[in-house]
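**Student:** One structure follows; several queries about it will come next.
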Amino acid sequence: MGNLLVGGKSIPTDDEGYLVNFADWTKEVAEVIAKEEGIENLTDRHWLVIEFMQKEFKEHGSGPSIRKLTKESGVSTKELYELFPKGPAKKAAKIAGIKKPVGCV
């Protein structure tokens, strides 16, 4: 277990840095996690993916697979890797405040 410090508040994370409680997520939390993941600025395209990830999580209890993400979010695989280098589904899930998608190692 770890903690993420955002605006003077300590937010619990698991050993891989994913939020323990989705209710702790805010846009400020997302921006802090993004910076830790090497993404300096979240653009409208980042937010499109983040919001899609959260919608899937709320509806199904887990984040979408990379395949579903590319088919239904309106963002191509190539763009996903540009937006979230080195593991877009895992990185987008972490920034979105949800659990690591099933099947991601």
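The values are calculated or read from the model by the stated rules, or taken from the named source; none is laboratory data. Since this is a predicted model, take the numbers as computed values, not measurements. Quick reminder, even Gly has a Cβ in these numbers, built from the backbone with ideal geometry, and neighbours come from all protein chains shown.
**Student:** Condition check: surrounded by 17 or more Cβ atoms within 10 Å (Cβ to Cβ), within 11 Å of Ile98 (Cβ to Cβ) and either touching a strand residue (DSSP E or B) at 6+ places or on another chain (Cβ under 9 Å) or not polar (S, T, N, Q) (or both). Does Ile39 satisfy that?
**Tutor:** For Ile39, the condition - surrounded by 17 or more Cβ atoms within 10 Å (Cβ to Cβ), within 11 Å of Ile98 (Cβ to Cβ) and either touching a strand residue (DSSP E or B) at 6+ places or on another chain (Cβ under 9 Å) or not polar (S, T, N, Q) (or both) - is not met.
**Student:** Could you list all residues from segment 1-28 that are in contact (Cβ under 8 Å) with a residue 60 or more places away in the chain and farther than 18 Å from Ala89 by Cα? Break it down stepwise before answering.
**Tutor:** As a first pass, look at segment 1-28 and keep what is in contact (Cβ under 8 Å) with a residue 60 or more places away in the chain: 16-19, 22, 24-25.
Selection gives Asp24 alone.
**Student:** Could you tell me whether Lys35 is more than 14 Å from Lys91 (Cα to Cα) and either in a helix (DSSP H, G or I) or at pLDDT 95 or above (or both)? I'd like the intermediate steps shown before the answer.
**Tutor:** Values: more than 14 Å from Lys91 (Cα to Cα): no; either in a helix (DSSP H, G or I) or at pLDDT 95 or above (or both): yes.
So Lys35 fails the test.
**Student:** Of these, Ala30, Ala23, Ala34, which one is hydrophobic (A, V, I, L, M, F, W, C) and surrounded by fewer than 12 Cβ atoms within 10 Å (Cβ to Cβ)? Even if it seems obvious, please write down each step before you answer.
**Tutor:** Numbers: Ala30 fails: surrounded by fewer than 12 Cβ atoms within 10 Å (Cβ to Cβ); Ala34 fails: surrounded by fewer than 12 Cβ atoms within 10 Å (Cβ to Cβ).
Being hydrophobic (A, V, I, L, M, F, W, C) and surrounded by fewer than 12 Cβ atoms within 10 Å (Cβ to Cβ) holds for just one of Ala30, Ala23, Ala34, which is Ala23.
**Student:** Yes or no: Gly2 on the phi > 0 side of the Ramachandran plot and among the small types (Gly, Ala, Ser)? Working first, answer last.
**Tutor:** Details: on the phi > 0 side of the Ramachandran plot: no; among the small types (Gly, Ala, Ser): yes.
No, not satisfied.
**Student:** How many residues does segment 55-105 contain that are surrounded by fewer than 21 Cβ atoms within 10 Å (Cβ to Cβ), β-branched (Val, Ile, Thr) and under 24 Å from Ile11 (Cα atoms)?
**Tutor:** Residues meeting the conditions: 2.
**Student:** Would you mind telling me which numbered condition in (1) without any contact (Cβ under 8 Å) to a residue 60 or more places away in the chain; (2) part of a helix (DSSP H, G or I); (3) not basic (Lys, Arg) Pro64 fails?
**Tutor:** So the condition that Pro64 fails would be (2).
**Student:** Moving to a separate point now. Residues that are on the phi > 0 side of the Ramachandran plot, surrounded by fewer than 19 Cβ atoms within 10 Å (Cβ to Cβ) and not in a helix (DSSP H, G or I): does segment 42-50 have at least one? I'd like the intermediate steps shown before the answer.
**Tutor:** Here is the first cut: in segment 42-50, the residues on the phi > 0 side of the Ramachandran plot are none.
Looking for residues that are on the phi > 0 side of the Ramachandran plot, surrounded by fewer than 19 Cβ atoms within 10 Å (Cβ to Cβ) and not in a helix (DSSP H, G or I), one finds none in segment 42-50, hence no.
**Student:** May I pose another question? If I ask for residues that are assigned to a loop (DSSP other than H, G, I, E, B) and either of a type in the set (Gly, Ala, Ser) or farther than 12 Å from Ile39 by Cβ (or both), which ones from segment 73-97 would you list?
**Tutor:** Within segment 73-97, the subset assigned to a loop (DSSP other than H, G, I, E, B) is 73-76, 84-87, 97.
Within segment 73-97, Ser73, Gly74, Val75, Ser76, Gly87, Gly97 meet the criteria.
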